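The structure appears right after this line, and notes come after that.
The values are calculated or read from the model by the stated rules, or taken from the named source; none is laboratory data. Quick caveat: nothing in here was measured; it's all calculated off a predicted structure. Please note: Cβ atoms are built from the backbone with ideal geometry, for glycine as well, and neighbour counts cover all protein chains shown. For the accessible areas, the whole protein counts, side chains as well, though only heavy atoms, and no ligand, DNA or RNA atoms are used. Shrake-Rupley method; radii C 1.70, N 1.55, O 1.52, S 1.80 Å.
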Amino acid sequence: MIERPAAGERAVIVQLDFGQLDLEDQLEEVRLLAESAGGVVVAEVGGRRQSPDPKTFAGKGKVDEIEAMIAATSADLVIFNHDLSPAQQRNLERALRCRVIDRTSLILDIFALRASSAEGKLQVELAQLEHLSTRLVRGWTHLERQRGGIGMRGPGEKQLETDRRLLGNRVKLLKERLNKLSRQRGVQRKARKRGDVLSVSLVGYTNAGKSTLFNALTHAGVYAADKLFATLDTTSRKLWIEGAGNIVISDTVGFIRNLPHSLVDAFHATLEAATDADILLHVVDSASHARDEQMIEVNKVLQEIGADAVRQVIAWNKIDLTDASPGVERDEYGNIARVRVSARSGEGLDLLRESLAEYARAKAQARQKALAEAEKQAQYDYIN
């Protein structure tokens, strides 16, 4: 097992401006990502460019500035909050004589750190291997991988030394195991649907408070922390609501902007909880000034996994940090569209439970109507 340096690795963050409107939000996000991976941000390097440099992404002058910053801060690695090509990454590592990782590698590393279940570990390894398949030749193989560090977890140096054929075999095996687990999940979901229980899946941007809300509703004791991607494994619990009976509620992995496609593909079995749900409870951090952009990013991923057609109810969370009061908002058809709550203080949770109960009763009524119509049709067919 790879061990992380006790003091945390010293990281220089690079965030270049290519005309983005939300540059400060992206910078704050990469700071949180680095800290969630166990790093200590010692410096930040910015700069404006029209387009990435083909060789080093940042250009010679900016690379020299980064090198000077590494020397001044005794940094262990450089984190680009951008996606680097394999060639750009190798060129940067040679020029800086320091380990360089990009945004995708950083997110994959956090997933490797957080994965606890057997399925979660398989999913993370699959995503890592598919990402590494284009990066089998490194410019920094002389560095000690065994000492651990951000971007260094996972398959390890031994895997990097294997040829593409062996790597392909491993990827195939992982996909077969995940497909088997996916089929098992499918059987469980069908059993729940036969019981006609309302299925609710919590989705949202990472760190929006999904797990805290899940625990507040179900008392499940799921791990919740003020960290990005604190939850990776889907957890489902039954929730009894007065006047509606049981519903099944599931907590899922959080989304983030530019979520690596390899992760979306690898976690498809986990994310199926969202595609098969009756209701998506979209948890939003109402205290974040980037909440609108975060909602857009979540909906992008939902569209990518085929869950964009599932009805959404917005859980406008963290109202204890704003001036908002608990409440329910309906759309033009009278359906509940948004519930203002605080998972931490408990404000508005009674309104959320009643909102879910309303949808549960509507589903039960629709099912009873469908059964009555089916029975009526059967009688008509029998007579005729």
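Here is how the numbers come out for the structure above:
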| read-out | value |
| --- | --- |
| Condition check for I66: open to solvent by less than 20 Å² (accessible area, probe 1.4 Å), touching a residue at least 60 places away in the same chain (Cβ under 8 Å) and outside any loop (DSSP other than H, G, I, E, B) | no |
| Looking only at the stretch 208-238, and only at residues there that are at pLDDT 90 or above and among the aliphatic types (A, V, I, L, M), the one that is surrounded by the fewest Cβ atoms within 10 Å (Cβ to Cβ) | A216 |
| Which listed residue, of V45, V40, is assigned by the TED database to the domain that holds L96, outside any helix (DSSP H, G or I) and surrounded by fewer than 16 Cβ atoms within 10 Å (Cβ to Cβ) | V40 |
| S182 being at pLDDT 80 or above, within 21 Å of the chain's Cα centre (by Cα), under 28 Å from K363 (Cα atoms) and open to solvent by 20 Å² or more (accessible area, probe 1.4 Å) | no |
| Residue selected from the stretch 291-329 under the condition basic (K, R) and open to solvent by 60 Å² or more (accessible area, probe 1.4 Å), by the criterion farthest from S342 (Cα to Cα) | K300 |
| Residue within the stretch 31-41 that is over 20 Å from the mean Cα position of the chain (by Cα) and within 20 Å of L96 (Cβ to Cβ) present | yes |
| Where K363 falls short, out of the listed (1) over 27 Å from K210 (Cα atoms); (2) touching a residue at least 24 places away in the same chain (Cβ under 8 Å) | (1) |
| Residue count for the stretch 82-124, restricted to those that are among the polar types (S, T, N, Q), open to solvent by 10 Å² or more (accessible area, probe 1.4 Å) and under 17 Å from the mean Cα position of the chain (by Cα) | 4 |
| Any hit, the stretch 247-259, residues being part of a strand (DSSP E or B) and more than 23 Å from the chain's Cα centre (by Cα) | yes |
| Neighbours by Cβ (under 7 Å, 6+ apart or cross-chain): first from the stretch 170-198, farther than 20 Å from T234 by Cα; second exposed (fewer than 13 other Cβ atoms within 10 Å of the Cβ) and modelled with pLDDT under 85 | D196/R367 |
| Qualifying residue in the stretch 351-361 (condition: out of contact with any Leu (no Cβ under 8 Å at 6 or more places or on another chain), open to solvent by 70 Å² or more (accessible area, probe 1.4 Å) and under 17 Å from I241 (Cβ atoms)) | yes |
| Test: A75 is outside any helix (DSSP H, G or I), open to solvent by 10 Å² or more (accessible area, probe 1.4 Å) and either basic (K, R) or in contact (Cβ under 8 Å) with a residue 24 or more places away in the chain (or both) | yes |
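Here is a yes/no grid of residues against (1) touching a residue at least 60 places away in the same chain (Cβ under 8 Å); (2) in contact with a Leu (Cβ under 8 Å, 6 or more places away or on another chain); (3) hydroxyl-bearing (S, T, Y):
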site	(1), (2), (3)
K318	yes, no, no
S325	no, no, yes
R330	no, no, no
Y333	no, no, yes
A343	yes, yes, no
